[in-house]
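Only one structure is covered here, and it is reproduced in the block below.
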Amino acid sequence: MTHLAFANGEVIASKEVGILTKFLNDRTVQRIDTPSDRVCFGLDRNRPVIRIANGAIHEYPVRQSMVEKLLRWHHLDRWMLKNASNETTISFLNDLLLSIKSSNVRIYLENGEAKTITSSRYTEFSDDAVLKACENFDIGKVSRTDKVLRIDSEVLTRSEPVVGDECGFGFTIFNSETGFHSLQISHYILRYVCSNGLIIRIPAKDEKQNYRIHYNFTPNDLKRFLDEQIENIKKTQMEVAQKLKQSAEKALTQEARKKALALLRKIKGDNDMMKEEVDRASTEWELVNIVTAHAREQPVDIRLMLEQSAGRLLN
């Protein structure tokens, strides 16, 4: 896949909400419902294209997000194609299309480029709809890539879950039009001393509902879902603050160190230096802040992954 010249959508990284609004208003989107056997990949020199036979054959440039979504559909890692030739990669992707059990699929186009492929049972929450449902919220910064939309609220409250370490508490909403993330709202903690960010899931009794929202909910449920989750953020904030306090007193296990190192190896950097940082950490709170410090300088998708994973280290 490294030799293919994919199309890629615009990246918005920690900008004012007006920039996102303008992008969403200016873009052109289209959904094509079609039998899966009428779709195939091809090559235009080294540029992958997708061809859809629907009366006539229509051809569209392919974004990397679409290919990664197809691999994800079959629980495959994109790195397995790292050294494959362009022709081998295209042939393999067509085999994956033929392996889809669903008779119909949906191809989503953005500005004339194929951005993702989903099941006909999948409920898409468009970024436009999510942003509209946030009209009454105080939005701080927004980020967006082909894989994820991230909306960070303004700080709602401040406290010192760890003495001398003031933090701002708010929430993060993230959505994915391409199917890489379910629609979720999580606690967002900003550590003022170093501007590290930490994402922690809302403590929930029914985690399955969160993961199945794109199959159990409709777009009409969107506003109600967001409002309910904001209330849950407020109700569980003290519980999260207590978790942070406990993490500053809790000695590290070897298992936690291994998990942190595995996360940090996913980013570019000095592996020896990162290992030394992890080895020096003595509490969960110190370990989490090592991970989030590295997350701060990463691209949008990787930063979100690291900040979410750091939150899971506390559990």
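The values are calculated or read from the model by the stated rules, or taken from the named source; none is laboratory data. Just so we're clear, the structure is a prediction, and the values are computed from it rather than from any experiment. Note that each Cβ is placed from the backbone with ideal geometry, even for glycine, and that neighbours are counted across all protein chains shown. Note: areas computed on protein heavy atoms with side chains; ligands, DNA, RNA excluded. Shrake-Rupley method; radii C 1.70, N 1.55, O 1.52, S 1.80 Å.
Report the Cα centroid-to-centroid distance between segment 121-164 and segment 52-80 in angstrom, as an integer.
28 Å
If each of N111 and Q242 carries a label point 7 Å out from its Cα toward its Cβ, how far apart are those two points in nm?
Roughly 4.8 nm, to one decimal.
Keeping all protein chains in place, calculate the accessible area per residue for the chain (probe 1.4 angstrom), answer in Å².
For the chain, the solvent-accessible area averages 51 Å² per residue.
S195 accessible area, nearest 10 Å², 1.4 Å probe?
Looks like 60 Å² after rounding.
For segment 230-235, in order, what is each residue's ³J(HN,Hα) by Karplus, 6.51 cos²θ - 1.76 cosθ + 1.60 with θ = phi - 60°, in whole Hz (x at glycine and Pro)?
5, 5, 5, 4, 5, 5
Mind checking which aspartates and glutamates have their Cα closer than 12 Å to the Cα of K15? Skip sequence neighbours fewer than 8 apart in that chain.
D152
Per residue of the chain, what 222 nm ellipticity follows from adding -39500 (n - 2.57) for every DSSP H run with n ≥ 4, rounded to the nearest 500?
Calculated from helices alone, the mean residue ellipticity at 222 nm is -12000 deg cm²/dmol.
In degrees, nearest 10, range 0 to 90: what is the angle between the Cα axis of helix 17-26 and the longest Cα principal axis of the chain?
Around 10 degrees separate the two axes.
Going through the cross-link list K22/K115; K141/K223; K147/K268; K69/K234; K69/K275; K147/K266, which pairs have a Cα-Cα distance over 25 Å in this structure?
K69/K234; K69/K275
Taking the chain as the reference, fit the longest principal axis to its C-alpha atoms, fit the long axis of helix 284-295 to the helix C-alpha atoms, and give the angle between the two in degrees, 0 to 90, nearest 10.
Roughly 40 degrees between the two axes.
Check A13: other-chain or 5+ apart residues with amide H under 5 Å from its amide H, H built from backbone geometry?
Correct list: R144.
Report the extension gain between E166 and N136 in nm, rounded to one decimal, defined as 0.36 nm multiplied by the number of residues separating them, less their alpha carbon distance.
8.1 nm
Leaving out ligands, DNA and RNA, and with a 1.4 Å probe, what % of the accessible surface on segment 43-156 is carbon or sulfur?
That share works out to 45 percent.
Starting from the amide H of S176, placed 1.01 Å from N in the peptide plane, find each other amide H under 5 Å away whose residue is 5 or more places distant or on another chain.
Placed amide hydrogens put L149, H181, L183 under 5 Å from S176.
Segment 225-293: Rg/Rh from Cα coordinates, Kirkwood Rh?
1.12
Which whole-Hz couplings ³J(HN,Hα) result when phi for each residue of segment 119-126 is put into the Karplus expression 6.51 cos²θ - 1.76 cosθ + 1.60, θ = phi - 60°, listed in order with x for Gly and Pro?
For segment 119-126, the Karplus-derived couplings read 6, 5, 8, 7, 8, 8, 9, 5 Hz, x marking Gly and Pro.
Could you tell me what percent of the accessible area of segment 247-315 is made up of carbon and sulfur, with a 1.4 Å probe and every protein chain present?
Answer for segment 247-315 is 47 percent, counting heavy atoms of protein chains only.
If r is the Cβ-Cβ distance from R312 to N25 and R0 is 35 Å, what FRET efficiency results, to the nearest 0.05?
For R312 and N25, the calculated efficiency is 0.45.
Taking amide H atoms as placed 1.01 Å from N in the peptide plane, list the residues 5 or more away in sequence, or in a different chain, whose amide H sits under 5 Å from that of G140.
Result for G140 returns D152, S153, E154.
Summarise the long-distance tail of P(r) for segment 1-108 by giving the % of C-alpha pairs beyond 22 Å.
More than 22 Å apart: 38 percent of the Cα pairs in segment 1-108.
At R0 = 22 Å, how high is the FRET efficiency between R121 and E87 if r is their beta carbon distance? Nearest 0.05 is fine.
So, using R0 = 22 Å, E works out to roughly 0.10.
Using only the Cα atoms, work out Rg/Rh for the chain, with Rh taken as the Kirkwood radius, to two decimals.
Radius of gyration over Kirkwood radius for the chain works out to 0.99.
Identify which of A241, A13, A84 has the largest mean-square fluctuation in a Gaussian network model of the chain, with springs joining Cα atoms closer than 10 Å.
A84
So what are the ³J(HN,Hα) numbers for segment 251-263, from phi and the Karplus equation (6.51, -1.76, 1.60; θ = phi - 60°), rounded to whole Hz, Gly and Pro as x?
5, 6, 9, 5, 4, 5, 4, 4, 5, 5, 5, 4, 5
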